[in-house]
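Worksheet: one structure, shown below.
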Amino acid sequence: MTRGSRPGPRAVLSRRARLRWVHLLIGGALVMPYFLLANVLLSLVRHGGGNNLFLSPVTQITTFAGALPLAALSALLFPLIRPLESTTARALCGIPEGELATGPARTLAERGRPALYFTLHLMLGGLVSGMSLAAPPAAVALCLMPLMNPEAPGRQPWFEVLGGPLLPLLAPLAGLALLALLAVTSWAAGGLLARCAPALLGPTASDRLAAAERRAQELAMRNRLARELHDSVGHALSAVLLQASAARRVLGSDPEFARQALTAIEETTRDAVGELDTVLGLLREDGPASAAPAPTLADLDTLLDRTRAAGGTVVLTAPEGLASLPPVVSREAYRIVQEGLSNALRHAGPVPVRLCVTTDTETLEVTVENPVGHTPARTRGGGGRGLNGIAERARLLRGSSTAGARDGVWRLSVRLPLSGGAR
């Protein structure tokens, strides 16, 4: 039921109204066990269990009122009331997916609002269910009243109220009005439940916080996967492109270099397939067990050979003992070197590159330098993510990174604390 809506025939008899009527009937069915329990308790208190309380309409109303607190108490003790009510409200009341909580209420305080909705659902469902059972037979009897014998037992009160010359007109109209009352009541009760559902079954502050944390974890995993794909597979494809270009240029004049470039392309492609399996292993539960180990600074020689096969010149300055560095720091530093060399080849061309790796007891520093502005390489579109990925890797290990050109030299410098590998 929306603000300003009117109960026209189309709205009252619409498909949504019929689904909400079914929702109310479910509430009427759920209230019956509580009604029977309340009936037994009231029988013991008032009559010692010897009388049937269903014979008195007043007692039925009293029993129904006593059943509602029992329903509220059970909802407070049963944490799955919220997901069950949310599921039926989405399916039958037309509530959008994001407006209702999906998980169980964890604490007693969080169960208060779902318990109130559950009680309201059972109360309105019991009323509409009772009307749905009583109104149609009464309406049929009223419509057929002009054809009945007024002297038949039990029919005199109806004929006294609706008797006389207007009986053939008033009785059928009263029957139709009774059906209309049922339809309008069901429409109004269903609309009320639909409007109350987001407020009473919606996520709490703790639910929103948990959802935000899950979303942050998903985004972190996606960013990690994007960095791995960019740095590993992206570097391999860039190297293959430059190696193929170098081989094409010297194919006629230097067949031996072309053969070496083609061999490097084969090896680079093979290694890229292995690294792709490693990256995709992040998405599989058995990925870490079946994927190849990620490269570290101990594999720098292979990386430098690929870069030189693509036409670049790399001068390495590094201490001994890189294999003993913390694995996490070593893996991230390898990716940083990989991206730095790829940027130099893509943006500066076959220029001399100076790679310096230094370490002490607390930090690891990686520096990549190359001249700029002489013979720029042909660059591809859609780049610009490499430096951001380097900065993200450094931040994850509580390190820092700087990059920029000065005096005709592009310099990338990254500092990583060795203690970051213990995180």
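Bear in mind these aren't lab numbers, they're just calculated from the coordinates by the rules spelled out. Please read these numbers as outputs of a predicted model, since none were measured by experiment. Note that we place each Cβ from the backbone using ideal geometry, even for glycine, and neighbour counts take in every protein chain shown.
For Thr358 and Leu147, compute 0.36 nm times the residue count separating them, minus their Cα-Cα distance, and round to one decimal in nm. Let's see the in-between values first.
Working: separation 211, 0.36 × 211 = 75.96 nm, distance 10.55 nm.
Result for the pair: 65.4 nm of gain on full extension.
For the stretch 329-354, the residues whose amide N sits under 16 Å from a probe point set 7 Å from the Cα of Thr317 along the beta carbon direction are 352-354. Would you grab the residues whose amide H sits under 5 Å from the one on Leu325? Only those 5+ places off in sequence or on another chain, please, with H modelled 1.01 Å from N. The answer is none. For the stretch 166-223, the calculated P(r), taken from all Cα-Cα distances in 5 Å bins from zero up to the bin holding the longest distance, is 4, 15, 9, 10, 9, 8, 8, 7, 6, 5, 5, 4, 4, 3, 2, 1 percent. Converting phi to 3J(HN,Hα) with the Karplus coefficients 6.51, -1.76 and 1.60 and the offset θ = phi - 60°, the stretch 332-342 yields 5, 5, 4, 5, 5, 4, 4, 5, x, 5, 4 Hz in sequence order, with x at every glycine or proline. With θ taken as phi - 60° and the Karplus curve 6.51 cos²θ - 1.76 cosθ + 1.60 applied, the whole-hertz 3J(HN,Hα) list for the stretch 96-107 is x, 4, x, 8, 10, 6, 9, x, x, 6, 7, 10 Hz, x standing for glycine and proline.
Less than 5 angstrom separates the built amide H of Thr363 from those of Leu418, all sequence-distant by 5 or more or on a different chain. Under a 5 Å amide H cut-off, with hydrogens placed 1.01 Å from N, Val353 pairs with Thr313, Val314, Val315 among residues at least 5 apart or on other chains. Simple spin-label estimate for Arg16 and Val45 gives 4.1 nm between the two label positions (7 Å along the Cα-to-Cβ direction from each Cα).
Using 0.36 nm per residue, how much length does the chain from Leu179 to Leu192 gain when fully extended, once their Cα-Cα distance is taken away? Gain on stretching Leu179 to Leu192: 2.7 nm.
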